[in-house]
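Q: Before anything else, here's the structure in question.
The values are calculated or read from the model by the stated rules, or taken from the named source; none is laboratory data. Note that this is a predicted model, so its numbers are computed, not measured. Here the Cβ positions follow ideal geometry from the backbone for every residue, glycine too, while neighbour counts run over all protein chains shown. Accessible surface is based on the protein model in full, side chains and every heavy atom, while ligands, DNA and RNA are left aside. Shrake-Rupley method; radii C 1.70, N 1.55, O 1.52, S 1.80 Å.
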Amino acid sequence: MSVLDIGTLTPGKFCTSMLADMGASVLRIERPSAKGGALSHEDLALNRGKRSLTLDLRAEAGRGVVLRLTNRCDAVIESYRPGVAKRLGIDYPGLSARNPKLVYCSLSGFGQTGPMAHLAGFDLQFVARSGLLSAMAGRSAPSVPGAYLSDAVSGLTAALAICAAMVGTQKTGEGHYIDLAMLDSVFAMLSVSHGLLLETKGGAGEAYDSPFYAIYETADGRHLALGAIRGESSRALCGELGRPEMADAGFDTPDKHAALTAFLSDAFKRASASEWMTKLAALDIEAAPVNSPVEAFADPQLVARVMAPRESAPEVGYFQRIATPVRFSGKPAESSPAPPIGRHSEEVLIELGYSETDIARLREQGVI
């Protein structure tokens, strides 16, 4: 599968990095003004395995290059606000007229329709409006998350949608247009915890609210995420703590909930996080240390799964990056490092049939 990534931002970069890791040939188009600039940490993480072409899409000659590329690619992803791709002459109707089998994904903040379609937004606004920020806060006041959740989930959703559309195209020979909104994508995450709004009761389904499904501080100042919501787990935990009756005492009232929470809070402060992990694993009780992102890079399970390979780049020296979580049978494909912006411009144009004279002219005009 060949994919044309037209200057997308973080969600689109993540989408095409996933596709590249799974074997797709990805060509990323960026502005000529970005050429020669240092690669950002995001570029190093999310543009690996791609080729890079600089192109001024406001110029007629730049649009001409995109039209030629459209004849050779299977999918296009762009992240302009609604109407911009049409003004540039690279929207789905225009490109699919040249390639009827084209899969075209428009990944935008609010989608192509609705009263907010033309508004700007960032990750924080989407997790806030979707209800996810409030849901994650629980009983606490909402705060700014330390990760870009809507960027990540919309990138994953776009990759899934493109792959699904490609399967449909292979069956029917017809292309597909995908209208994907970041707000919709992050709202859909609530399906597994708040997926039904019961009109007769005026509330949506809730995630677990149990002292056995909570986070506790340990003796070394670290935190442990407890998930002992199975009966076997809660009984094993309370038995280990010398209070087996607490497992069946219930917590259906505020007083009982508070009493059980206080009991567990006091118990977990008697040993370190690593000591608790050893004890709980032996009892088959669900628990995990609350790792920082830096600590997660050294987590033994993630290391064993080769989820944080070590690489190097001139800009930053040696570094670890997060790998794709998808595992196929056979030898895993090796991913090339993120290229300098515009590294493959001439190579791509030659493949499209441009002569050296044509390329020199495009360069003089600032098109590439």
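Q: Could you run through region 21-43 and say how many residues are part of a helix (DSSP H, G or I), open to solvent by 20 Å² or more (accessible area, probe 1.4 Å) and touching a residue at least 60 places away in the same chain (Cβ under 8 Å)? Outline the logic, then answer.
A: Within region 21-43, the subset part of a helix (DSSP H, G or I) is 21, 32-34, 41-43.
Of the ones still in play, those that are also open to solvent by 20 Å² or more (accessible area, probe 1.4 Å) are 21, 32-34, 41-42.
Narrowing further to those that are touching a residue at least 60 places away in the same chain (Cβ under 8 Å): 21, 32, 34, 41.
The number of residues fulfilling the criteria is 4.
Q: Next question, about the same structure. So which helices (runs of 4 or more DSSP H) are wholly in region 99-178 and hold at least 2 residues that are crowded, with 21+ Cβ neighbours inside 10 Å?
A: Once the helices (runs of 4 or more DSSP H) in region 99-178 are filtered for at least 2 residues that are crowded, with 21+ Cβ neighbours inside 10 Å, what remains is 123-130, 149-172.
Q: Specify the residue that is surrounded by the most Cβ atoms within 10 Å (Cβ to Cβ); the eligible residues are those in region 297-344 that are under 21 Å from Gly23 (Cα atoms) and among the acidic types (Asp, Glu).
A: Result: Glu311.
Q: Here is a check on your reading of the model: is Ala271 farther than 30 Å from Pro337 by Cβ and not in a helix (DSSP H, G or I)? Let's see the steps before the verdict.
A: Values: farther than 30 Å from Pro337 by Cβ: yes; not in a helix (DSSP H, G or I): yes.
It is true that Ala271 is farther than 30 Å from Pro337 by Cβ and not in a helix (DSSP H, G or I).
Q: Within region 65-81, does at least one residue satisfy the condition of being charged (D, E, K, R), part of a helix (DSSP H, G or I) and farther than 14 Å from Leu27 by Cβ?
A: no
Q: Looking only at residues that are in contact (Cβ under 8 Å) with a residue 60 or more places away in the chain and among the β-branched types (Val, Ile, Thr) in region 66-118, which one is nearest to Val167 (Cα to Cα)?
A: Among them, the one singled out is Val103.
Q: Here is a follow-up. Among the residues of region 66-84, are any closer than 18 Å to Ile341 by Cα and surrounded by fewer than 18 Cβ atoms within 10 Å (Cβ to Cβ)?
A: Looking through region 66-84, none of the residues is closer than 18 Å to Ile341 by Cα and surrounded by fewer than 18 Cβ atoms within 10 Å (Cβ to Cβ).
Q: Another one. Here is a list of conditions, (1) surrounded by 12 or more Cβ atoms within 10 Å (Cβ to Cβ); (2) within 14 Å of Ala225 (Cβ to Cβ), and Glu275 meets all of them except one; can you say which number that is?
A: Among (1) surrounded by 12 or more Cβ atoms within 10 Å (Cβ to Cβ); (2) within 14 Å of Ala225 (Cβ to Cβ), the lone unmet condition for Glu275 is (2).
Q: Which members of region 188-205 meet the condition of being modelled with pLDDT of 90 or more and in a loop (DSSP other than H, G, I, E, B)?
A: The answer is Met189, Leu190.
Q: Out of all the residues in region 53-64, which are closer than 14 Å to Ile6 by Cα, touching a residue at least 40 places away in the same chain (Cβ under 8 Å) and in a loop (DSSP other than H, G, I, E, B)?
A: Correct list: Leu55, Asp56, Leu57.
Q: Return the residues of region 313-368 that are among the polar types (S, T, N, Q) and touching a residue at least 12 places away in the same chain (Cβ under 8 Å); say none if nothing qualifies.
A: Gln320, Thr324, Ser335, Ser336, Ser345, Gln365
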